[in-house]
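To start, the structure under review is shown below, and the notes come after it.
Every number here is computed from the coordinates shown, using simple stated rules; none is lab data. What you see is a predicted model, and the numbers here were worked out from it, not measured in a lab. For neighbour counting, all protein chains shown are included, and Cβ atoms are generated from backbone atoms with ideal geometry for every residue, glycine included.
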């Protein structure tokens with residue numbers, strides 16, 4: 001892997017996470033029988049679409065990645081690739097498994113919670129790579145993902 005990579009590559013991955021997340025929530029909403037669960041999944045799909053647009057706009061503004069002082073470009077790129085490849089939205093079969101259990105409210109909610117946690121971890125790492133001027137946008141998205149996780153957890157109470 002190249003010693004140098006662009007923050008735009010990482011932000012592009014965030015766009016794809018949000019795009020795939022929106023599709024997952026739309027499909028889970030269609031399968032939900034409980035009106036509260038359906039409404040939450042629909043709301044989450046709308047928020048994922050808003051995040052996708054935020055990251056698309058960010059793509060136009062970012063350039064080179066600002067690596068953490070303790071890492072080389074290659075090491076950090078390998079780490080981010082592993083992080084992304086282990087994200088449920090990019091792990092072969094995980095989304096299909098979730099869709100297969102979409103009628104089971106607890107399974108659907110637990111799957112959505114994993115999606116949110118995986119996304120938060122990726123965004124936290126991404127924040128370290130983008131220019132300081134973009135970090136507030138990512139922090140806002142991370143906080144919204146935390147709120148999503150709390151909302152999903154509340155459905156299981």
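Scan region 102-112 for residues that are over 19 Å from residue 148 (Cβ atoms) and either without any contact (Cβ under 8 Å) to a residue 60 or more places away in the chain or surrounded by 14 or more Cβ atoms within 10 Å (Cβ to Cβ) (or both) and the total you get is 1. Evaluation of residue 143 against the conditions (1) closer than 24 Å to residue 32 by Cβ; (2) without any contact (Cβ under 8 Å) to a residue 60 or more places away in the chain shows that the sole unmet condition is (1). Considering region 1-23, and only residues there that are under 18 Å from residue 99 (Cα atoms) and touching a helix residue (DSSP H, G or I) at 6+ places or on another chain (Cβ under 6 Å), the residue that is surrounded by the fewest Cβ atoms within 10 Å (Cβ to Cβ) turns out to be 19. Residues in region 82-98 that are assigned to a helix (DSSP H, G or I) and within 23 Å of residue 146 (Cα to Cα): 7 in all.
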